[in-house]
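The values are calculated or read from the model by the stated rules, or taken from the named source; none is laboratory data. Values in this document were obtained by computation on a predicted structure and should not be read as measured data. Glycine also receives a Cβ, built like all others from the backbone with ideal geometry; neighbour counts cover every protein chain displayed.
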Amino acid sequence: MERHVENNRFRQEPVGGSGFCTRKAGEIGNFRQDSLGKLVAVGVKTLVLQAMTCADVTAAGDAAVKAVVGEERFAMIQSAKLLVVGAGGIGCELLKNLVLSGFREIEVVDLDTIDVSNLNRQFLFRRVHVDRPKSVVAAEAVKQFRPNANIISHHGNVKDPQFGLEFIGKFDVVVNALDNLEARRHVNRLCLAAEKPLLEAGSTGHLGQVTVIRKGETECFECQAKPSQKVYPYCTIRSTPEKPVHCLTWAKNLFDLCFGPEDESNLLADLAAEMRKFQAQESVDGEDAGRRIFAHLFEEDIKKQAQLEDLWSDQRPPPGPLCYEDALKNTERPSTDADKDKLETQKVPSVAGDAQGFVAAVAKMYGERRELIGQSSFSKDDPVAMDFVHCAANLRMQNYRIGRLSRWDAQSIAGSIIPAVASTNAIVAGLEVVQLLHVLQSVGKNMKDSKARTVWVRFPEPSRKKILQPSSLHTPNPDCFVCGSRTARVALRSLEECKIMALAKGCIQGQLGAHKPALYANGSCIFDPEYPEPGEEAEEEGLHPEWSLSQWGLTSGSLLQVEDEGQGWSINLVIREEPDLDEQLYPGGFKVSQWPTQWWLQVEAGAGAGEEAAKDMAEKKRKAEADAAEATAAKKAQLDANTVALDD
Amino acid sequence: MSAITGDQVAVYDRQLRLWGVQAQQRLLNAKVLIWGLEGSNVEACKNLVLAGIALTLRDHRTVTAADVGFNYFLRPEDIGKLRAECASKRVQEMNPLGSVSFSSDRPTSDDKLKELLKGFDIVVVGLSCLGFDFELAAKMDSVCRSLGAGFLLTVAAGELSFFFSDLHEHVMQDRSAQGGPEAGPTEPKAETFSFPSFGSWLAAVPELLQGKSDASFKLIGLLASFLQKDPQKAVPSRAADFATHCREVKCEPAVDGLVGMEQAFGHFFVEPLIHVASVLGGLLSQEVIKAITRKDPPLVNSVCFNAHTGAALVEHIPPVAAAPKKRKAEEEVVADLLDD
């Protein structure tokens, strides 16, 4: 009781600003500065009496940090303005670490809302927070740890224009806690353009990595090619699937085709008439619609596919049609010894189960989801959409004699789920703060002289005794098309067939990571991101997104300039037509490669390696010369491009 | 073993996809004691309760402002109350599907110590909560051995953070699958790992101080040898004596980021930097999870993270005679290149 009385007495004290007013000079929290300027703990009793308010807690926490890092580094911590991008697995850990380390000026951006499956690691969130914005809830939670911290949350996509160069310019350092390549590339470019240091981190299961990016001194995020999302050839998806993933891709497209908005680019657009006809009807018997769609997809369409004789051989037998009634008779479940340890959802259903599940999912969409027809899109977290995709993919696998999957595995693949645990994220977020302190100390100095490193989280065994393994930061790649040469070569199968809008979407956005690219050729704009689709408006601007590259007068060896104003990034593309571009490897019809600034070194490296090599060399030399000619053209055109940019 | 519920599947989805159902079931049936709510142990509380492990938090100390400033399970209104009790409420909130209990008991006798360690699969102890009594820690480890419980001990010093682990004769049954659902199952392969006791760790300290171990391990060894038989010396005011001791035993390791032995000594008595605790707590939690699930090879037996270099080292203390190198694996060559 006595303690409570004291509590009140101390709360009545004015606690303006620092909250140091209740203490004797020289005492900070539970530490006292000794003659050497170091902090030593003072008695617990005094402490209980003194530290009664939030300000005292902050002071005590700050004092502990200061005792370890020293005055100078702590001052840097307190004044640094940070942008945290992402409030998920790494983001939650990071915000906690930053706030408790004494960082006070933090803004956080995240577009996501909280899902139940986040709760095993995103520890700032509770069940009651499900469906609320991550950034907002995370900021509220860590503010409780340090009420004096100034934390601003933004619920939005970091690619939105309000988070552009001007926004980034406000901060001293940007700290990434992202889970996808696209956003990472975007933030990388923003930081390069705004000349802000960037901390980059990632985790997958037990593994993780942290690194530091500073323009001109280190590799940027895109200096080394990153594996981009796999694109499958149209024919594999539409007619000749070989793996479960092909059938799942097909099923996801099917879901969007049946229940989403009209989309010409859907891979199964040729099935649109049949699949979407129920949408127009006043009332639909969902069961009946389900069985009709079933018959069309897994029986009739398969019969048609089987007749395309040149697709099939002994190695690749034609698919077998499946009628609904026969499917219902097939009630046998494949089982293995391992099944006893499995969850129900991890077991493969019977064909009958898939057939019934498919019809039930369609019925549900036309029943309780009636309102959402025409505006739905596949999400792995939507149970009806996932049931539909799992059953449809399995039925197609049955058609093509591919081993069917459990719902659990189908969800992993269809949703590209990355396994994740709290411990790895805690390690990665901790390492990010380690690097952040090094970056703050290296402001105005050479990064090479700092202790900043790339650190790898090894698992389960250490590598040369190190379970967390630092390695030196690499210098920038001069050929990098983002921070280096800003020139890339794009090989296209056909300039005649490739529409400029397809090039912008598939190649420049998809592959080169631009957000809203504008394209220029010979000094004039040939594609404007404000007018991405053909139509009257575009035409008034003199734009024709549907025109092919040849129609725009581009030939092999032509040069295109790409400007992405939002990213503060531009690139020159040297166009080359390659009719024999492999369709399996490059289903999009294009191939992007770096433009080696020092191409002659590559040629000389192979010198004196025998006759066969000499032949190869001659070919290389010929190519190099062609490249050189292109390079001259590129340089000339770049001058033109600069004029264009100035005009804008 | 009770079946995993639908609710659990929804929450634990992402980790079930990492370590599988059987491992999760083992975690749900495991009981872990966190003795000492300090440093990396706070982080371990978070990681382990989220993994679904039943926790008991034990600490006899009351909450101070500095605790609240570091331990995010505490609030200003907890000051003066019991640490374990206050923290347990908020650890529990973090995972309502888990179970969290608390205790403020102290080991007043050998029998009491045994009673306090009974019924746990793993015991994680903070040295500060034991009043820096290394001998007591060794005694706890030997009791844990007799009870068949794993024992981990954590020590923190500012930008350095350390743990020792003793899983006795640990049998690993399986390794994590590589490559996701499309890769298919792999044949489980059992392997046994022998851990030295903490008693033999302490006995090896003189050897450690003169040997080839990393400087960060030597610093922990120096603390142990300085406090030997007299844990009362574990107060910041004895920093100069510590420095003298280091000179006497002819071991003054240059730990990256630390200026001298006096400064190093002071760091043992403040909470570590939160991000240092975050890193070591993560590594420690992985070891607890490996021990319970019997999946993946454990780290034997001492781990130290240095925030100045960003490296976390693993050493076997006392050192084992190195087995003859069969071949320099490709991975090692890569590691060589990566190394500073």
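A compact table of results
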| quantity | calculated |
| --- | --- |
| Among the candidates B:F151, B:F132, residue that is assigned to a loop (DSSP other than H, G, I, E, B), buried (at least 21 other Cβ atoms within 10 Å of the Cβ) and at pLDDT 95 or above | B:F132 |
| Residue, nearest to the other protein chains (Cβ to nearest Cβ), within region B:299-322, restricted to residues that are among the β-branched types (V, I, T) and within 14 Å of the chain's Cα centre (by Cα) | B:V314 |
| Residue among B:V124, B:V91 that is within 14 Å of chain A (Cβ to nearest Cβ), within 28 Å of B:D230 (Cα to Cα), surrounded by 22 or more Cβ atoms within 10 Å (Cβ to Cβ) and at pLDDT 95 or above | B:V124 |
| Residue count for region B:286-296, restricted to those that are within 8 Å of chain A (Cβ to nearest Cβ), in contact (Cβ under 8 Å) with a residue 40 or more places away in the chain and in contact with a His (Cβ under 9 Å, 6 or more places away or on another chain) | 2 |
| Single unsatisfied condition, A:A183 versus (1) out of contact with any Leu (no Cβ under 6 Å at 6 or more places or on another chain); (2) of a type in the set (A, V, I, L, M); (3) closer than 19 Å to A:I106 by Cβ; (4) without any contact (Cβ under 8 Å) to a residue 60 or more places away in the chain | (4) |
| Filter result for the condition that a residue is within 14 Å of chain B (Cβ to nearest Cβ), more than 16 Å from the chain's Cα centre (by Cα), under 26 Å from A:R104 (Cβ atoms) and modelled with pLDDT of 95 or more, over A:V245, A:V173, A:V212 | A:V212 |
| B:S109 vs. criteria farther than 30 Å from B:D7 by Cβ and either without any contact (Cβ under 8 Å) to a residue 40 or more places away in the chain or in contact with a strand residue (DSSP E or B) (Cβ under 6 Å, 6 or more places away or on another chain) (or both) | yes |
| Residue list for region B:1-46, restricted to those being modelled with pLDDT of 95 or more and assigned to a loop (DSSP other than H, G, I, E, B) | B:A30, B:G36, B:L37, B:E38 |
| Candidates A:G260, A:G290, filtered to the one that is within 23 Å of A:A352 (Cβ to Cβ) and either at pLDDT below 95 or among the acidic types (D, E) (or both) | A:G290 |
| The listed residue being away from chain B (no Cβ under 14 Å), β-branched (V, I, T) and at negative phi, out of A:V428, A:V362, A:V457 | A:V362 |
| Residue in region B:56-73 that is touching a Phe, Trp or Tyr at 6+ places or on another chain (Cβ under 6 Å), buried (at least 18 other Cβ atoms within 10 Å of the Cβ) and of a type in the set (A, V, I, L, M, F, W, C) present | yes |
| Filtered residues of region A:77-90 (kept if assigned to a helix (DSSP H, G or I) and buried (at least 19 other Cβ atoms within 10 Å of the Cβ)) | A:I77, A:G89, A:I90 |
| Test: residue in region A:433-440 that is more than 9 Å from chain B (Cβ to nearest Cβ), in a loop (DSSP other than H, G, I, E, B) and either within 19 Å of A:G208 (Cβ to Cβ) or in contact (Cβ under 8 Å) with a residue 12 or more places away in the chain (or both) | no |
| One residue from A:E140, A:E105, A:E93 being free of Cβ contacts under 8 Å to residues at least 40 places away in the same chain and under 24 Å from A:A63 (Cα atoms) | A:E140 |
| One residue from B:D214, B:D166, B:D141 being surrounded by fewer than 24 Cβ atoms within 10 Å (Cβ to Cβ) and charged (D, E, K, R) | B:D214 |
| Residue list for region B:269-285, filter: more than 7 Å from chain A (Cβ to nearest Cβ) and surrounded by fewer than 24 Cβ atoms within 10 Å (Cβ to Cβ) | none |
| Helices (runs of 4 or more DSSP H) enclosed by region A:256-313 - at least 1 residues per element that are within 28 Å of A:E242 (Cα to Cα) and under 33 Å from the mean Cα position of the chain (by Cα) | A:272-280 |
| Subset of region A:29-57 that is part of a helix (DSSP H, G or I) and facing chain B (nearest Cβ under 7 Å) - its residue that is modelled with the highest pLDDT | A:V57 |
| Top-ranked residue of region B:229-251 - restricted to ones that are under 24 Å from the mean Cα position of the chain (by Cα) and free of Cβ contacts under 8 Å to residues at least 60 places away in the same chain, ranked as farthest from B:G199 (Cα to Cα) | B:P236 |
| Filter result (facing another protein chain (nearest Cβ under 9 Å) and either of a type outside the set (G, A, S) or closer than 20 Å to A:L98 by Cα (or both)) within region B:50-60 | B:L50 |
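Conditions tested, residue by residue: (1) under 31 Å from the mean Cα position of the chain (by Cα); (2) more than 18 Å from B:L16 (Cα to Cα); (3) free of Cβ contacts under 8 Å to residues at least 12 places away in the same chain.
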site: A:S350; (1), (2), (3): no, yes, no
site: A:K380; (1), (2), (3): yes, no, no
site: A:A392; (1), (2), (3): yes, yes, no
site: A:I413; (1), (2), (3): yes, no, no
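So that you can scan it fast, the table gives a plain yes or no per residue for (1) crowded, with 16+ Cβ neighbours inside 10 Å; (2) among the β-branched types (V, I, T):
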position: A:T331; (1), (2): no, yes
position: A:Q346; (1), (2): yes, no
position: A:P349; (1), (2): yes, no
position: A:K364; (1), (2): yes, no
position: A:R369; (1), (2): yes, no
position: A:Q375; (1), (2): no, no
position: A:A392; (1), (2): yes, no
